[in-house]
1. Using amide H atoms built in the peptide plane, which far-off residues or other-chain residues are under 5 Å from Val110 H to H?
2. Arrange the peptides 8-16, 87-95, 26-34 so that the one whose residues have, on average, the most other Cβ atoms within 10 Å appears first.
3. May I ask you to evaluate 6.51 cos²θ - 1.76 cosθ + 1.60, the Karplus curve with θ = phi - 60°, for each residue of region 39-45 and list the ³J(HN,Hα) values in order in whole Hz, giving x for glycine and proline?
4. Would you compute, for the Cα atoms of region 83-151, the largest minus smallest coordinate along each principal axis and list the three values in descending order, in whole Å?
5. Restricting to DSSP H runs of at least four residues, report the calculated mean residue ellipticity at 222 nm for the chain, -39500 (n - 2.57) per run over all residues, nearest 500 deg cm²/dmol.
6. Can you grab the distance from the C-alpha centre of region 101-134 to the C-alpha centre of region 1-50, Å, no decimals?
7. Quick one: 3J(HN,Hα) in Hz for region 80-90, Karplus 6.51/-1.76/1.60 with θ = phi - 60°, rounded, Gly and Pro as x.
8. About the Cα centre of region 8-52, how large is the charge dipole given +1 on each Lys and Arg Cβ and -1 on each Asp and Glu Cβ? Please answer in debye to the nearest 20.
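Read the figures in this text as sums done on the coordinates, not as results from a lab. For clarity, every value in this text was computed on a predicted model and none was experimentally measured. Virtual Cβ from ideal backbone geometry, glycine too; neighbours counted across all protein chains shown.
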Amino acid sequence: MVVTWRPLESQEIGETWAEGRAFAVGDCNYGCIGSPPDWIMPPVPKISFPGEEQAAHACENLRAMVSSKPQELKDTYWPWGAGMFVTSLGPRDACFVMAANHRKESGFLVNWWLPAVWQKELIERTKVMECRGNAIGRIVWHFVHHRPFLQ
């Protein structure tokens, strides 16, 4: 996401910072566009998947900015997986929440205890496998990020 100043009361979106050449993703950004209660894009959870999606948007926009052919920058959006997360509650406990959004108490507790621990372990292991170039990890995370079944 392009870094902006906080919007003034009369503005929907704040002025861009550094002439629109600075991007912030993941934990280091405000994670939304606009101001409450009339968000243009409500706050995105600061968890790994949305951060990865935002980083991909930023990389695509950086490529467009340095391209020899003028290209429009890609708008960001609320990533499809931003409302799903497994939270560790210790070495043998966790919970998986799905369909959460920016509203308080949104989402559904889908599973907990050992099934959620195993799910979190599977996510972590396949992510590390992907980062190490392992074929299984790359295949799993390719389909997470490219989701052909939703297009």
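1. Answer set, sorted by chain and number: Phe96, Val97, Met98.
2. Working: 8-16: 10.9, 87-95: 12.9, 26-34: 15.8.
So the peptides 8-16, 87-95, 26-34, ranked by packing, come out 26-34, 87-95, 8-16.
3. Residue by residue, region 39-45 yields 5, 7, 9, x, x, 8, x Hz.
4. 36, 34, 16
5. Numbers: 3 runs with 49 residues, N = 151.
Roughly -11000 deg cm²/dmol at 222 nm, from the helical runs in the chain.
6. 26 Å
7. So the J values, rounded to whole Hz, are 4, x, 5, x, 10, 7, 9, 10, 6, 10, x.
8. On the way: 2 positive and 7 negative charges, 36 e Å.
I would put it at about 180 debye.
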